Structures are given as C-alpha cells and as structure tokens.
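Report on one structure; see the data block that follows.
The values are calculated or read from the model by the stated rules, or taken from the named source; none is laboratory data. Just so it is clear, the structure is predicted and the values come from calculations on it, not from any experiment. Heads up, the Cβs are rebuilt from the backbone with ideal geometry, glycines too, and the neighbour counts pull from every protein chain shown. Areas reflect the complete protein model, heavy atoms only, side chains present, ligands, DNA and RNA absent. Shrake-Rupley method; radii C 1.70, N 1.55, O 1.52, S 1.80 Å.
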Amino acid sequence: MRAARLAGALCGVLLRASAAMLLACLATFADAAAQAAAQAAAQAAAQAAAQAAAQAAVQPTVQTPRVAQVYAAPEVQRSPPPPGAAWQPVMLPDDAGYSRPSLALVPAWYRVGFVYPDDPARQTAWAVYVPYLYDGGEIWLNGGLIGSVAESSPALHARTYRPQMALLPPSLLRPGPNEIAIRAAPSKEYPLRFPQLRIGPLDQIQPLHNRRLFWVRTVPELTVVVSFLSAGFVAFIWWRRREEVLYGLFGLAAALWAVRTMTFLIDSMPIGPWHWWRVFYQCATGGFVIVMAVFTLHYAGVRRRWLDRALVGYGLVGPLWFAIGGFEAELAIARWWLGGMVGVGLLIIAIAFVYARRRGTLTAAALFAVMAFAVLVGIHDYLLTWNPALLARVLPTWTGHRIHLLHYGSNTLLLAMGALLVSRFLRTLRSLEDLNRTLETRVADRERALADNYQRLAALEREHAASEERQLIMRDLHDGLGSQLFTSLSRVERGDMDAQQTATMLRACIADMRLALDALASGEHDLGAALGNFMFRWEGQLVAAGVHPAWDVELPEDGMTLSPHAALQLLRVAQEALTNVLKHAHASQVQVRLRRAGDLLEMAVEDNGRGLAPEPRREGHGLRNMQARARRLGGTLELRPGTAGGSRVLLRLPMTAAAATPA
C-alpha cells in the first residue's frame, strides 16, 4: 500500500512539474512573440514616420491659421489698412455678434499670416480657401488684389453661399512669411461672420473647395429639380384622385421645399424683387413645416379637425405678419414665427413616436427616426443662425463651419415620405392585382359553369330536336306505313289480295321502312351517308328492271347536314319518282342529279321513257304526295318534259328550311 501511495505521489509531482515546465515554455514563447511584434511595429512606425517626413519635406501641408487680426469700423478703406491701424486679435472662426457686438454690422478687414516654403522643390501652385464669404468682399495677398466676391449696393442685394478659392500668384508670393488680408462686407440683418481659412498647395486646397461646393451648391440644384418634378408628378396623381390627400400634401411640401432651396442658388438680385423673394422664402420655410405636420397627422391616422385648423392657422401667421408689418418685419418673423415652428416639430416627433409604438413595424420606426432627425437639424440651424454660442457649448468647433443641416434633413425627410407613398402605392397595386386575380378566377369559374350549362342546354336541345325528329318520322310512318299495313291487312282478311299483291305490298312497306331507317341512322344528319344507302338499294332494282341508272351528286367535300325528317322527305320524293319510272315510263335510262345551287338544294330525276301524256289528266296520288312533301319543307316540285324525250321531276328546297329542324 505504501509503495502504491509513493508511486501515486511521485506521479503527481511529475505531472505538476511537467505542467509547470509547459506553462513556462508557453510564457517564454509568448514573450518572444510579443517582443518580435513590438519590434516589427516599431520598425513599421519608424518607416511610416520617415516616409511622412520625406513626403512633408517635399510636399508642404495645408496651413490653418487659428488667430487673425481684425480691423472693424463703420467705414473702412478699400485697400488693406496699414500695420499701425487699430488691429485687434481674434480667434477664427469669428462671430462679430460675440467678439465685438457694437461693431457686428459694420465691414471689417481680417489679416492672417502664413509661411511659404523657401525650397524651390516645394514651391508649387498655392491657393487660399474661404469656406464662406456671404456678403462679399475682397482677397488681398501681400498688398495685391487676387480675388473679389460680389457685394450689395443700393440697387442690388448680393448674398452667396458658394465657397471661395483664390490662387496665390507666384509674383506676389515670397519665401518665408506672407500675409493675406480679406475685406468682409457686412450684412444688414445678421452679424458679420468670418470662417477659418485654409492656405496651402492647390492640389490639397481644391478638394476642400469642391467638397463644400458640392454640398452647398450642387445638392441644392439637384434638390430643386427633383422636388419640382416630384411635386408635379404627385400633384397630378392627387388631381386625378382627390381623395388621396397624402399625395396632395406631399406634392405641396415638395414644391414649398424647392422654392425654399432656391435661396442657395441665388447669388444676387435687384433690391425690389429681393424683398419679395424673402417673403416667399420665409413663407415657404414655415409652410413646409406646417404641411409636413399635417401629412404626419394624416399618415398616422390622427384625424382631429381642430388640430389641422390650428396648424393651418399658425401657418398663416407669417404671411399675415408680412402683410401688416411689411418687409421690415422679416427679421422678427424669421426669429419668432419660424422659432415657433420648433414646437410644431416637437409635435411631429410626438405623433411619429406614438404611431411607431402603436404599429410596432420597421416602417413606423423609420418614420419616427427620420422625423426626429429632420426636427433636430432644424433646431440646429435655428441656433446656428440666432444663438451660435449656445450651440458652441455642445459643438465648440462645429459652428465655425457654418453648415446648415436642415437642407439635408428635409431632403432625407422628403425621400422617406416619398418612399412611404411609393410603398403605399405598391401595396395598393398588389391589392388590385390580387383582386383582379380573384375576379379573373371567379370569372373563369363562371365561364366554365356557363360553358357547362351551355353544353347541357345544347345536349338537351339536340335530344329535344332528335325527339321531335323521331316524333315526326313516327307520325309519318304511322300515317304512311302503318296505314298501308292496316289497309293491306284488312284486304287480306277479306280475301281481296292474292299472294303476288301481298308480296308487292310487303316489299313497298319494307322499302319505306328502310328509307326511314336510313334517314334516322345517318351520323350527324349527314345527307351523303343516307343518300349512299339509298343509291345502293335502288341500283340493283333499276338494273334488274332493265333501267340503267346514272347518279350525279355534287355535295360539299365536308358533307351537308340535313335534319332526319328533311332527309326522309327528300329520299321519299326520289323513291316516288324512281317508282314512277319503273311503273309507267318504260325507260331504259334514268339520271338522278343532286346539287347545291346557291341557297337552294336541287334534286332532278330524269328518264328517257314515254314522257308526259299529251292530253291533260287528273294527277295521281304519287305526284300529289311528292308536292305535299316539298311544301312541308318550304320547297317546290315541278314535273317537266325531259331533254331526252322522257319526263323530269325537279325538287327545289331552301337550305335554311332543309337544314333546320322542323317544329
């Protein structure tokens, strides 16, 4: 037992020692890997720093002066003031409303210094980038004018949102310290604001200028075009369907926003139209907010007439204020009336939030997010215009860029509203397609039911017609064959008929019965089939009697349909005519011709026998029976002399009467 315990203890010690050694090896390997990685990172950083230093030695970086000198006075000279003038230091970007409130609405000169490299290899084309110079001014380099921006005059109002860039002429640049002086024209409405400049190589300055130009100029141009086109398209839909109020509201909002955005595209305008343009601009801004609020109410299903009227009433405050206070009331309207739109925006956020909670869908949540974003950037722009110091407490370096975000927030909002309307339109189309498919299915089912009913009715009509035909033939057999059999039976019972007469009478009855069976058994009422059976039976009888028959049948290739009753009457006329040929004509030849002549069916039976008697005599029963049968079918029967000296029986039947089932 002790040996076993000692062995177990020894094994445990060995296992722990092995594990410790393994952990030590792993730790050593990890340390070595970490040291190698650190050395590789240090080498890479050193190489990157060396490359950056080499690049900087060749390519100078953009200089961004943070401190400038400003000279402000009610009247300033057109050229840069001398160094001994009352220059004051100021931090860039500068807002005169806070740095010098008493001189916030007067022109000012700003001067900044920069260093131009003295190494000829680094002396490339340079430029200065001015993000904004709203009310115009001039750009000077070392005492020489290098650029200007249009300024307002008594007859012209100028205000531009374009970024400015001026090339620094090599003739005015000097190695070492240089000075740029910019005269900034004042605004009559807002404090003078001056941006932070960028000075450096043209290939680095140009992208900065192009990027801001795209956002403050190209995007508004696209917004105006797309908004007007969208407004026209959606307004047309609303005009065609007045009950679709959301389309009308969206079209009005898009049109108002297009008008409002045009302010970014107008750099100058005569004073008279300018005042009216500011009226349109302010009213379009407020009207857009009001229309979007009403749109949100209707889209969320909040139908409160008093709320709609209250919003519209507040939207009319601005135009009425202009009507009462004139153009001079613009600043108060922009500050207080448009400031009140912040409350309308908060109402929009609240409605969108309640709608998103009630619906619980991704679309509703997206609507709330877009509404909240648009309202927040609207508040941002309001503070940027009227209280940038408050905004600077939250975003200290942002306000100097003077980027108004409402333009992009409203574009996003319009895109979202358009997407919602498109989605709603597509849902409506899908519903209509589903309804159409349902209607098509129902119509197809109804058509199949009608087709089945029609087939049943057609079958019933065929059965009824066949029944009528059978009744007619049965009546005909009863009146003809039945009467003949009854009469013959009476004569036989009285002993008035000998065996030959009885046989003749029975043959006539059998022939009459076969004729009726041929008329009834012809498939699809095909006259050709019934006529073929008739010709086959009579061919042998005529030849046996010494009469050579000739059959001339001209029927359509696809056959000719004839009711069984009409076929029976036609064949009985032919049978009666051939019987007369055998009994009375003493002919050696007989020709039976059947053809269609226009709307008539003609049958002629002509022989070369004795012909008609020269003296008139009373017509027999056979001729009267044939004429009666022709009249029942609406046709005529004539007995004429034949072309070969015999007689000719001509039957003419109208096709409509022959093909129809008699009533």
> Ala459 fails exactly one of the following numbered conditions: (1) open to solvent by less than 70 Å² (accessible area, probe 1.4 Å); (2) under 30 Å from Trp336 (Cα atoms). What is the number of that condition?
Replying inline: (2)
> How about the stretch 330-341: which of its residues are open to solvent by 40 Å² or more (accessible area, probe 1.4 Å) and of a type in the set (A, V, I, L, M)?
Replying inline: Leu331
>> Can you tell me how many residues within the stretch 376-394 are surrounded by 15 or more Cβ atoms within 10 Å (Cβ to Cβ), more than 38 Å from the chain's Cα centre (by Cα) and more than 25 Å from Glu221 (Cβ to Cβ)?
In response: 5
>> Contact list please: Cβ distance under 8 Å, first residue in the stretch 395-412 and at negative phi and without any contact (Cβ under 8 Å) to a residue 40 or more places away in the chain, second residue in a helix (DSSP H, G or I) and among the charged types (D, E, K, R), pairs at least six apart or on different chains.
In response: His404/Asp381; Leu405/Asp381; Leu406/Asp381
> Do we find that Phe288 is in contact with a Lys or Arg (Cβ under 9 Å, 6 or more places away or on another chain), touching a residue at least 24 places away in the same chain (Cβ under 8 Å), surrounded by 20 or more Cβ atoms within 10 Å (Cβ to Cβ) and hydrophobic (A, V, I, L, M, F, W, C) in this structure?
Replying inline: yes
>> Could you check the stretch 140-168 and list, in sequence order, the residues that are of a type in the set (Phe, Trp, Tyr) and either surrounded by fewer than 18 Cβ atoms within 10 Å (Cβ to Cβ) or not in a loop (DSSP other than H, G, I, E, B) (or both)?
In response: Trp140
> Which helices (runs of 4 or more DSSP H) does the stretch 190-267 wholly contain that include 1 or more residues that are in contact (Cβ under 8 Å) with a residue 40 or more places away in the chain and within 32 Å of the chain's Cα centre (by Cα)?
Replying inline: 219-240, 245-261
>> Taking the conditions exactly as written (more than 28 Å from Pro396 (Cβ to Cβ), at pLDDT 95 or above and in contact with a Phe, Trp or Tyr (Cβ under 9 Å, 6 or more places away or on another chain)), does Ala166 satisfy them or not?
In response: yes
> Right, Thr397: under 31 Å from the mean Cα position of the chain (by Cα) and open to solvent by 50 Å² or more (accessible area, probe 1.4 Å) or not?
Replying inline: no
> Looking at (1) surrounded by fewer than 14 Cβ atoms within 10 Å (Cβ to Cβ); (2) of a type in the set (A, V, I, L, M); (3) under 26 Å from Ala150 (Cβ atoms), which is the only condition Met269 fails?
Replying inline: (1)
>> Suppose we keep only residues that are open to solvent by 20 Å² or more (accessible area, probe 1.4 Å) and assigned to a helix (DSSP H, G or I) within the stretch 400-415. Which one would you say is farthest from Val130 (Cα to Cα)?
In response: Leu415
> Identify, please: which residue in the stretch 345-369 is under 15 Å from His298 (Cβ atoms) and β-branched (Val, Ile, Thr) and is, among those, surrounded by the fewest Cβ atoms within 10 Å (Cβ to Cβ)?
Replying inline: Val354
>> Quick check on Phe373: is it under 21 Å from Ala258 (Cα atoms), at pLDDT 90 or above and open to solvent by 50 Å² or more (accessible area, probe 1.4 Å)?
In response: yes
>> Every residue in the stretch 120-139 that is open to solvent by 40 Å² or more (accessible area, probe 1.4 Å) and either under 14 Å from Met269 (Cα atoms) or not in a loop (DSSP other than H, G, I, E, B) (or both), please.
In response: Pro120, Ala121, Arg122
> Among the listed residues Ser467, Ser490, which satisfies the condition of being over 30 Å from His298 (Cβ atoms) and modelled with pLDDT under 70?
Replying inline: Ser490
> Within the stretch 91-109, how many residues are within 21 Å of Ala127 (Cβ to Cβ) and more than 57 Å from the chain's Cα centre (by Cα)?
Replying inline: 1
>> Against the conditions (1) in contact with a Gly (Cβ under 8 Å, 6 or more places away or on another chain); (2) open to solvent by less than 40 Å² (accessible area, probe 1.4 Å); (3) under 30 Å from Gln77 (Cα atoms), where does Gly251 fall short? Just the number, please.
In response: (3)
> Hey, among the residues in the stretch 542-568 that are modelled with pLDDT of 80 or more and out of contact with any strand residue (DSSP E or B) (no Cβ under 9 Å at 6 or more places or on another chain), which one's surrounded by the most Cβ atoms within 10 Å (Cβ to Cβ)?
Replying inline: Ala545
